[in-house]
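Notes to accompany the following structure.
Every read-out reported here was derived from the displayed coordinates using simple, explicitly stated rules and does not represent laboratory data. Nothing here was measured: the structure is a model prediction, and the numbers come from that model. No Cβ is skipped: glycine too gets one built from the backbone with ideal geometry, and neighbour counts run over all protein chains shown.
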Amino acid sequence: MERSKLSFWFKKIKKVFIILFFAQLLYIVILKWINPPITITQLSNWIDGYGLKRDYVAFEEMSPNIRLAVIASEDQLFPDHNGFDMTSIKQALMERSKKHKRVRGASTISQQVAKNVFLWQGRNWVRKGLEAYTTFMIELIWGKKRILEMYLNVSEMGKGIFGIEAASRFYFNKPAKNLNRREAAMIVACFPNPKKIRVKPPSPYVNQRYPQILIQMSNLEPDEDIQGLLN
């Protein structure tokens, strides 16, 4: 009797997992062409009272300067990797094993999109496992331009401000397609903590960080693979 009950519940749980697996796969495919109605991060920000300023725009409506700025600042190997920067992951694990107080981040743009669009914030192993699977799938199904477009549409760029169009209009009173290099670098400089790091007027951190991003942008711009994401 007990064995039959265990078998019954095992089949039920297995069925639920299969349904969830294919539902998420279908959602990933749909989002190759359609923008997400809302994300868990956006919803939690709204619930916490930060509001929700957001306005999705197409890849072509984003200034090449902001595309270059996020690659230069967040993931310089973005055009080349398959979603995972193994060198950075190994370095992060080594630093963590040495119990450094400040741990190096290892998330690529692709991993951040997987987390921000499909999952929730956190560091537990269940979420990390789902993030790895989702990263692999969006790299396979979406491609680099769609991943970069989604990243710039859903990333938090201020208190309750999501996406480059909303950020550009809030900080500089212009559409994202008209951002110059300095403005793009200033917005990206707030990414480590957009709720606390002020873009305009710039906080000391932004003033210190955005010139470094500008230098990295100049260094990366001639690269052929980078150019493929700017044109």
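Numbers at a glance
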read-out	value
Largest-first ellipsoid semi-axes for the chain, taking √(5λ) over the Cα gyration tensor eigenvalues, angstrom	33, 20, 19
Cα gyration tensor category, rounded, prolate or oblate, for the range 157-214 with a/c compared to 1.5	oblate
Whether the range 112-165 is rounded, prolate or oblate, judged on the alpha carbon gyration tensor where a/c under 1.5 counts as rounded	oblate
Neighbour net charge for Lys195 - beta-carbon separation under 12 angstrom, K R +1, D E -1	+1
Shape category assigned to the range 30-89 from the gyration tensor of Cα positions, a/c cut at 1.5	prolate
Extension gain from Ser7 to Asn231, taking 0.36 nm per residue of separation minus the Cα-Cα distance	75.0 nm
Nearby aspartates and glutamates by direct alpha-carbon distance to Lys14 (threshold 19 angstrom, same-chain neighbours under 8 apart not counted)	Glu2
Cross-link pairs beyond the 24 Å C-alpha cut-off, checked among Lys115/Lys144; Lys32/Lys196; Lys145/Lys196; Lys128/Lys200	Lys32/Lys196; Lys145/Lys196; Lys128/Lys200
Computed label-point distance, nm, for sites Ser218 and Arg198 using a 7 Å Cα→Cβ extension	2.8
Burial order of peptide ranges 41-49, 54-62 (average beta-carbon count within 10 Å, highest first)	54-62, 41-49
